[in-house]
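Notes follow the structure.
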Amino acid sequence: NAGVMQNPRHLVRRRGQEARLRCSPMKGHSHVYWYRQLPEEGLKFMVYLQKENIIDESGMPKERFSAEFPKEGPSILRIQQVVRGDSAAYFCASSGTGDQPQHFGDGTRLSIL
Amino acid sequence: GQQLNQSPQSMFIQEGEDVSMNCTSSSIFNTWLWYKQDPGEGPVLLIALYKAGELTSNGRLTAQFGITRKDSFLNISASIPSDVGIYFCAGQSTNFGNEKLTFGTGTRLTIIP
């Protein structure tokens, strides 16, 4: 799906465990965005990162959620001590510079038992 | 916060029919985007609009950026089975790609045999 790679595609965790979601942007893109989608709803913005910097985290829950985009390697969305309400599809998008639009990966579907 | 309302929520049409859907906002956006999402996949970019009044086509798809900058429209001509899916509008406050997207609530398109 436009070259943005997310893994795993499906992730099952028990309440209280940690979930790590990975995203590799399209080649040449240095801007990464994370969105969450609940069933039958639109995508909701969580966080926007550039290499080693968080640019906008206005959509990120204040507790248990964190994101990083290190100098080397994929961007990681980390959810600590997961609860049932964290069950959702998490999508990553990337963009280049200027007016290039965002392209999305196929998402990680997180299920909490 | 900003909200995007899409209508209709769902459409049931016959193959070959034309389709129209729209998206309205409570505030101004300077970029409008239309995405299509198939089950189990991420949103795929269909059309990007950067200028008020702009009319842009992509094959059988045509989208318009409303003059007020608070709405956008998507038309699909001569629908085919692969048009089935959920269509999302998304807005950005700037003309640059490097900013969060605000998504609409989606229009689900179903083709009746």
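Things to note:
- Cα shape, the protein assembly as shown, gyration tensor, a/c 1.5 rule: prolate
- Using the Cβ-Cβ distance between residue A:78 and residue B:54 with R0 = 30 Å, the FRET efficiency computed as 1/(1 + (r/R0)^6) comes to roughly 0.15.
- Computed over the alpha-carbon pairs of chain A, the distance histogram in 10 Å steps reads 15, 50, 30, 5, 0 percent, short to long.
- Chain A - percent relative contact order, Cα under 8 Å, separation 6 or more: 38
- Proximal aspartates and glutamates relative to residue B:36, as straight alpha-carbon distance under 13 Å, when same-chain residues fewer than 8 apart are discounted: A:106, B:83
- GluC sites (Glu not before Pro) lying in DSSP loop within the stretch A:1-58, provided at most 11 other Cβ fall within 10 Å: A:18, A:40, A:52
- Of the three principal axes defined by the Cα atoms of the stretch A:17-72, the extents in descending order read 32, 23, 22 Å.
- Net charge over other residues, Cβ less than 13 angstrom from the Cβ of residue A:65 (K, R count +1; D, E count -1): +1
- Spin-label model distance (nm) - residue A:40 vs residue B:7, 7 Å beyond Cα toward Cβ: 2.0
- Global geometry of chain B, whether rounded, prolate or oblate, following the gyration tensor of its Cα atoms and the 1.5 cut on a/c: prolate
- Among beta bridges that DSSP assigns inside the protein assembly as shown, antiparallel share in %, nearest 5: 90
- Pairs from A:71/B:100; A:71/B:51; A:62/B:51 whose Cα-Cα separation, in the structure shown, is over 32 Å: A:71/B:51; A:62/B:51
- Each part gets one Cα centre, and for the stretch A:12-33 versus the stretch B:38-79 those centres are 28 Å apart.
Coordinate-derived values only; no laboratory data. Values in this document were obtained by computation on a predicted structure and should not be read as measured data. FYI the Cβ positions are ideal-geometry reconstructions off the backbone, even for glycines, and counts take in every protein chain you see.
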